[in-house]
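Below you'll find the structure, written out as structure tokens, and then a few comments.
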Amino acid sequence: MQKILVARPIFPDVIERLKQYFDVDWNQGDVLSAEELKRRLVDKDGALTAGDPVGAEVLAAAPRLRVVSNMAVGYNNFDMAAFNAANVLGTNTPDVLNESTADFGWALMMAAARRIAESEHWLRAGKWQKWAYDGFLGGDIHGSTLGVIGMGRIGQALARRAKGFNMQVIYHNRSRVANEIEAELNAEYVTKQDLLRRADHVVLVLPYTKENHHTIGAAELALMKPSATLTNIARGGIVDDAALVEALRSGQIAAAGLDVFEGEPNLNPDLLSVPNIVLTPHIASATEATRRAMANLAADNLIAGLGEGPRAGRPRNPINAEVIGRARA
Ligand code: GLV
């Protein structure tokens, strides 16, 4: 039997499925350090990760490793140049999380715009004495302009929901999406600067890459309306969190919703003292059904990638399909 490492706690029944094909080393404890990950991978043929960094050093320490299956759509934790150099296949879990993640983007955006977290903290603190005409005034969602940065599958699911709120949709993306998609979403392609100037609610749904580092920093926040909100359901590092703190404190923008953070789970402590921000712990895809679908897809990709099961050799979601069938380097 081939040997695999499951680097994180996941649904026990998914582990049982994996055990039908593999000798499974399951880490049910804390996140593995780089050293521990290398030690546990020494004799493994495959691994299932969820955001754990895998680069040249880890691969060098794992000479048998041929497939690493990430239980996430984003795979910025993989150094794909190192994967390609070593002929190691990486896989991810796209699509199954589009709708839940889009739902959550809306929840966070609406919570920020309507000051739900901020007013709830105030209520819990026992400060509510009377109804006030100007208590927690926020910005409207209906009839406003939604600005989506990153018009991939999740961005499109997010934009599709804008119709019911009678919103205007503008978007920016590395490249324009197909005409039919623009027409279906009633979405207008604009420059990033235009989007930031025009949008009432900006939502970030782009992958993290070196080029996307601090896509939103002080200069970009300065273009936004003082009544605007910013929501990040993509990745930490796309927003300059320190610049965001300043923009929220100074009233440069009205409010923000963040599900992802630079250096998470260790947040910039200043974020915690800003009232007009909603903070959630990277849970945009966290519904029972979707996390199950992601875990099962990650397992399927690993099973198929390692040449087992009904799709042996044809995993559904290869990131670097070109290495399939090549000997490990
Ligand atoms: C979660 O952040 C994912 O990339 O799936």
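Only the coordinates and a few stated rules stand behind these numbers; no lab work does. Note that the structure is a prediction, hence the values are computed from the model and not measured. All Cβ positions, even for glycine, are placed from backbone atoms using ideal geometry, and neighbour counts span all protein chains on display.
Contact order, relative form, for the chain: 19 percent (alpha carbon pairs under 8 Å, 6 or more residues apart, mean separation divided by residue count).
Expressed in nm to one decimal, what extension gain is obtained for the pair Lys19 and Val42 from 0.36 nm per residue of sequence separation less their Cα-Cα distance? All intermediate terms of the calculation are to be shown ahead of the outcome.
Details: separation 23, 0.36 × 23 = 8.28 nm, distance 1.92 nm.
Full extension of this stretch gives 6.4 nm more.
Annotation for region 117-226: GluC sites (Glu not before Pro) lying in DSSP loop with at most 11 further Cβ atoms inside 10 Å of their Cβ do not exist.
By how many degrees, 0 to 90 and rounded to 10, does the Cα axis of helix 241-250 deviate from the longest principal axis of the chain? Once rounded, one gets 10 degrees.
Taking 0.36 nm per residue of sequence separation and removing the Cα-Cα distance, the Lys130/Asp194 pair yields an extension gain of 18.9 nm. Its alpha carbons considered, region 98-279 gives a radius of gyration followed by a Dmax of 15.9, 53 Å.
Proximity of backbone amide H atoms, modeled 1.01 Å from N, is registered between Thr93 and Ala72, Val73 at under 5 Å, excluding neighbours fewer than 5 places apart on the same chain.
Each Cα pair under 8 Å and six or more residues apart adds its separation to the average, and for region 98-279 the resulting relative contact order is 23 percent. Restriction of the GluC sites (Glu not before Pro) in region 1-63 to DSSP coil positions whose beta-carbon has at most 16 other beta-carbons within 10 angstrom yields no sites.
Hey, got a sec? Which chymotrypsin sites (Phe, Trp or Tyr not before Pro) in region 122-229 land in a DSSP loop and have at most 13 other Cβ atoms within 10 Å?
On the way: sites: Trp122, Trp128, Trp131, Tyr133, Phe136, Phe165, Tyr171, Tyr189, Tyr208; in loops: Trp128, Trp131, Tyr133, Phe136, Tyr208.
Answer in residue order: Trp128, Trp131, Tyr133, Phe136.
Determine, for Met167, Met1, Met71, the number of other Cβ atoms within 10 Å of each Cβ, and report the residues in order from fewest to most. The partial results should precede the final answer.
Values: Met167 20, Met1 11, Met71 26.
If I rank by nearby Cβ atoms, fewest first, I get Met1, Met167, Met71.
Test of understanding: ordering Ile15, Ile181 by Cβ neighbours within 10 Å, fewest first, what list do you get?
Working: Ile15 17, Ile181 14.
Ascending number of Cβ neighbours within 10 Å: Ile181, Ile15.
Report the full-extension gain for the segment Ala327 to Glu184: residue separation times 0.36 nm, less the Cα-Cα distance, to one decimal in nm. Could you put the intermediate results ahead of the total?
On the way: separation 143, 0.36 × 143 = 51.48 nm, distance 4.45 nm.
Additional length available on full extension: 47.0 nm.
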